[in-house]
1. Within the accessible area of the chain, what % is carbon and sulfur when the probe is 1.4 Å and the other protein chains stay in place?
2. What nm distance separates the two modelled labels at Leu11 and Ser63, each placed 7 Å from Cα along Cα→Cβ?
3. How many nm is it between the label spots at Gln39 and Ser71, if each spot is 7 Å from the Cα in line with the beta carbon?
4. Skip the ligands, DNA and RNA, and give the accessible area per residue of region 11-124 with a 1.4 Å probe, whole Å².
5. Pairwise over distinct Cα atoms, reciprocal of the mean inverse distance: report the Kirkwood radius of region 1-89 in Å, one decimal place.
6. To the nearest 20 debye, what is the magnitude of the charge dipole of the chain about its Cα centre, counting +1 on the Cβ of each Lys and Arg and -1 on the Cβ of each Asp and Glu?
7. Please give me, ordered by residue number, the GluC sites (Glu not before Pro) of region 34-124 that lie in loop per DSSP and have at most 14 other Cβ atoms within 10 Å.
Amino acid sequence: QVQLVESGGGLVQAGDSLRLSCAASGRTFSSHAMGWFRQAPGKEREFVAGIMWIGGSTAYADSVKGRFTISRDNAKNTLYLQMNSLKPEDTAVYYCAAGAYGSVTRRAHEYGYWGQGTQVTVSS
């Protein structure tokens with residue numbers, strides 16, 4: 001099993017940067033697809049960015065391309081989401097996820113493990 005714990009959320013102003021971290025523990029596996037999702041009040045959970053733990057292939061939602069960067073530190077078993085040029089519409093609870101899918105995926109149902117989420121609030 002895998003446990004995921006997000007951290008790094010907070011209240012920032014539009015245009016600011018923030019880095020989210022997701023610490024993974026437990027029995028991990030090399031085929032992990034990992035990703036970040038977010039959910040704003042009254043909205044569906046949406047894909048933000050994904051990465052393969054091995055190989056590092058990435059994918060991004062159109063809404064965050066050029067602003068967000070997903071990365072991972074294999075030695076530290078940690079997933080990151082660097083968020084730059086934050087906008088009020090980025091306000092949401094951000095969740096990290098992991099799954100055994102063989103390639104980077106933006107489908108939430110392909111991720112079997114989820115963190116508890118961390119709140120990101122961007123003021124205008």
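The values are calculated or read from the model by the stated rules, or taken from the named source; none is laboratory data. Small disclaimer: the values here were computed from a predicted structure and weren't measured. Positions of Cβ are backbone-derived with ideal geometry, glycine not excepted, and every protein chain shown enters the neighbour counts. We work out accessible area using only protein heavy atoms, side chains counted, and drop any ligands, DNA or RNA first. Shrake-Rupley method; radii C 1.70, N 1.55, O 1.52, S 1.80 Å.
1. Numbers: 2810 of 6230 Å².
Ligands and nucleic acids excluded, carbon and sulfur reach 45 percent.
2. Label-label distance for Leu11 and Ser63, simple model: 2.2 nm.
3. 2.9
4. On the way: 5740 Å² over 114 residues.
Per residue, region 11-124 has 50 Å² of solvent-accessible surface.
5. On the way: mean 1/r = 0.0726 Å⁻¹.
Roughly 13.8 Å, rounded to one decimal.
6. 160
7. Working: sites: Glu44, Glu46, Glu89, Glu110; in loops: Glu44.
Loop-located and lightly packed - Glu44.
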